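The values are calculated or read from the model by the stated rules, or taken from the named source; none is laboratory data. Bear in mind that the values here come from a model prediction, so they are computed numbers and not experimental data. As a convention, Cβ positions derive from the backbone with ideal geometry for all residues, glycine included, and neighbour counts pool all protein chains shown.
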Amino acid sequence: MKKRRLFWLLLPSYWVLMAVAILVVALYAYHSMSNLYFQALEKDIRTRALLLADHVQPLMQANDLSAVDALCKRLGNDARTRFTVILPDGRVAGDSEKQPDDMEYHGDRPEIRQALGGDSGIDNRYSRTLRQEMMYVAVPLRNDRHETLCAVRAALPMTAIQAELNAMTKRVIVAAILTGMLAFAVCIVVVRRITTPLDSMGRAARLFAEGEFNHRIAAQQTMEFDQLAESLNTMSQQLNHTLSTLSEQRSEQEAVLSSMNDGVLAIDRRERVIHMNRVAGEILGVDPERMKRDLVQQAVRFANLQEFIKAVLGSQRPLSRDLSLVGQAEKQIQVNGTVLRSAEGESIGALIILRDVTQLRHLETVRSDFVANVSHELKTPITSIKGFVETLLSDDWKHEPGTRRFLEIISQQAERLNAIIDDLLTLSRLEQKEGQVMKEKSRLSGVVENAIYLCQLQAQKKHIRVEMECPADLVASINAPLVEQALVNLIINAVKYSDPDKRVVVTAREDGPWVKLSVEDEGFGIERKHLDRLFERFYRVDTARSRKLGGTGLGLSIVKHIVQAHGGTIEVESRVGHGSTFTVVLPNGALGELAANPA
């Protein structure tokens, strides 16, 4: 639809309104002047008729009709007025223009009927006698008994009035045209006073839209337009400040995202790319700028990553996974996903963090292989050393006390070195199988009992009671030997770092889709600063005490890997001087199945 300017919408309306107003005024003036002229003429004719009646009355009382006719002709000639006297029977008694005997019956004339009826009568019509438009006024003439003697009629031609009315009409038309022209000019000025400020504000608004926020609208004469101009100027200032802030924030955001070593990929609910930084483009092998608003399937060509993104979009909790992207060169990435929310907290998509860990995984593999190879290589000589030392310490050999003490030290250190190598080999095996351990439904009560039994000897040496709290029908899908080893490591640690005559409690319980195994002691406790590094290899809270108690520094690391191999987590709570609680949280997909079908 073609748009019209406001000027051409308002101006015709104003013109039509003014034209209607002028036409109404002109018609009213014309009507008023016409009435005024006709009233004046009627009054004049009525006066003449009354004057004639005064002269006719004596003659009618004398019944001198010839004198009445002569009087009508004389006075009509002097006054230039047509006078007519009509008897009650409708006959003409006298007329200023024609002989009464030659005139037709006049009793049916409207003004005559009214006059003979006792009232004044008036009528405008064309006279066939005089052949022109005439105004007739008739008055009744009564005797002393109020009887109507006759009707006296006076008539004047309307030619003069028509001439005056024509002249007046011309004057009214000229005045209307001149007034209309002036009014039209005034309308143009008025409309321009409305549209000009609006045009100025429209141009200013377009400048604001183009980013020229320093432009200002001048003050206006009318209060409403001035308020609008001030509002637009204020809006320009606020918009300039807002856009500057947004631009600065966007620049900072772009700088941060571009400088990150991790890939960032933002997806909306319709699986379209909202944002992708440079690193994400390099990992996925696409141009980030060209991928905006494209479907994620066009930006991500890897089926496993697409499945992960769909899982994040359909989930309300963070997800994490290690994936292999097979392309020209295989990449190992660590991907973390979480729900992307708006400022109001509404879910609007997903945020995916991609970290290329290909080199890191390669180094871990090299390290793991190195540790495994070195451990295997060290296992044989350590076994030989242990065998020879045990032989030398047998009763078949008689050694000096000093020599025997040295041999016992060698035996202890060889045993310790052998324990370290065993733990390293265990870690190596767990790393190779992480996430791929064989699981089967097992009663946790049996696993916990076996673990406690294996630790009972060390606990008895320090008079420490190891107690169990586990439902007999509690079942979980686990690798029983590995979970047993994890519990043994935790119980041994609890016994080592507790004073004699204390208590260690092993608890197993169901918690929704999880199984929680807790080992609670009343030992020395661990300071908060050590908790984050507690499961690192060879990390010791108290190096002197740990070495004195014979720990390898790998026990908790082995526990962590066993838990991770089951897809679980491990938590620790501790208070110095009150003891510690280690809780293993494992996913459970088999609760109740074995209880329903006991072996």
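Restricting the range 15-46 to residues that are surrounded by 12 or more Cβ atoms within 10 Å (Cβ to Cβ) and among the β-branched types (V, I, T), the residue that is nearest to the chain's Cα centre (by Cα) is I22. Within the range 39-58, residues that are under 12 Å from A154 (Cβ atoms) reach partners that are of a type in the set (S, T, Y) with beta carbons closer than 8 Å, at six or more positions or on different chains, in the pairs I45/T81; I45/Y136; R46/S120; R48/T81. Here D262, D199 are screened, and the one residue that is out of contact with any Ser or Thr (no Cβ under 6 Å at 6 or more places or on another chain), touching a residue at least 60 places away in the same chain (Cβ under 8 Å) and among the charged types (D, E, K, R) is D262. Do you know which of the residues in the range 465-479 that are under 13 Å from V506 (Cα atoms) and in contact with a Ser or Thr (Cβ under 6 Å, 6 or more places away or on another chain) is surrounded by the most Cβ atoms within 10 Å (Cβ to Cβ)? Only one residue tops the list, namely C470. A single entry from A299, A280 fulfils the requirement of being of a type in the set (A, V, I, L, M, F, W, C), out of contact with any helix residue (DSSP H, G or I) (no Cβ under 6 Å at 6 or more places or on another chain), touching a residue at least 24 places away in the same chain (Cβ under 8 Å) and under 16 Å from L323 (Cβ atoms): A280.
Matching residues to (1) farther than 16 Å from R272 by Cα; (2) touching a Gly at 6+ places or on another chain (Cβ under 9 Å):
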{"position": "L284", "(1), (2)": "no, yes"}
{"position": "S315", "(1), (2)": "yes, yes"}
{"position": "L319", "(1), (2)": "yes, yes"}
{"position": "K331", "(1), (2)": "yes, no"}
{"position": "G345", "(1), (2)": "yes, no"}
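Where residues in the range 265-277 are of a type in the set (V, I, T) and touching a residue at least 60 places away in the same chain (Cβ under 8 Å), which of them is nearest to A350 (Cα to Cα)? Here the answer is I267. Counting just the residues of the range 196-245 that are over 31 Å from the mean Cα position of the chain (by Cα) and polar (S, T, N, Q), which one comes out surrounded by the fewest Cβ atoms within 10 Å (Cβ to Cβ)? Taking the candidates together, the pick is Q221. The one condition from (1) more than 26 Å from V139 (Cα to Cα); (2) in a loop (DSSP other than H, G, I, E, B) that A21 does not meet is (2). Determine whether the range 580-593 contains at least one residue that is at pLDDT 85 or above, over 50 Å from the mean Cα position of the chain (by Cα) and not assigned by TED's automatic domain parsing to the domain that holds L319. Yes; the residues of the range 580-593 include at least one that is at pLDDT 85 or above, over 50 Å from the mean Cα position of the chain (by Cα) and not assigned by TED's automatic domain parsing to the domain that holds L319. Only one entry of I333, I352 meets the criterion of being more than 13 Å from A266 (Cα to Cα), crowded, with 18+ Cβ neighbours inside 10 Å, touching a residue at least 40 places away in the same chain (Cβ under 8 Å) and assigned by TED's automatic domain parsing to the domain that holds H275, and that entry is I333.
Per-residue answers, yes or no, for (1) crowded, with 16+ Cβ neighbours inside 10 Å; (2) within 30 Å of V172 (Cα to Cα); (3) of a type in the set (A, V, I, L, M):
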position	(1), (2), (3)
M60	yes, no, yes
R74	no, no, no
V85	yes, no, yes
S120	yes, no, no
P140	yes, no, no
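Residues that are assigned to a helix (DSSP H, G or I) and at pLDDT 85 or above: does the range 83-91 have at least one?
No; the residues of the range 83-91 include none that is assigned to a helix (DSSP H, G or I) and at pLDDT 85 or above.
Does I177 satisfy being more than 30 Å from C72 (Cα to Cα), touching a residue at least 12 places away in the same chain (Cβ under 8 Å), of a type in the set (V, I, T) and not assigned by TED's automatic domain parsing to the domain that holds F83? So I177 does not fit the description; no.
Can you confirm whether A163 is free of Cβ contacts under 8 Å to residues at least 12 places away in the same chain and either assigned to a strand (DSSP E or B) or on the phi < 0 side of the Ramachandran plot (or both)?
When the stated conditions are applied, A163 passes them.
The one condition from (1) in contact (Cβ under 8 Å) with a residue 12 or more places away in the chain; (2) under 30 Å from V335 (Cβ atoms) that F225 does not meet is (2). Counting only residues that are under 22 Å from E440 (Cα atoms), touching a Gly at 6+ places or on another chain (Cβ under 8 Å) and not hydrophobic (A, V, I, L, M, F, W, C), the range 474-503 holds 2 of them. Hey, could you check the range 152-184 for residues that are exposed (fewer than 12 other Cβ atoms within 10 Å of the Cβ) and more than 60 Å from the chain's Cα centre (by Cα) and say which is farthest from S127 (Cα to Cα)? It comes out as V174.
Could you list, in sequence order, the residues of the range 122-160 that are charged (D, E, K, R), out of contact with any helix residue (DSSP H, G or I) (no Cβ under 7 Å at 6 or more places or on another chain) and not in a loop (DSSP other than H, G, I, E, B)?
R125, E133, R142
Checking the stated criteria, L427 turns out to be over 23 Å from P500 (Cβ atoms) and modelled with pLDDT under 90.
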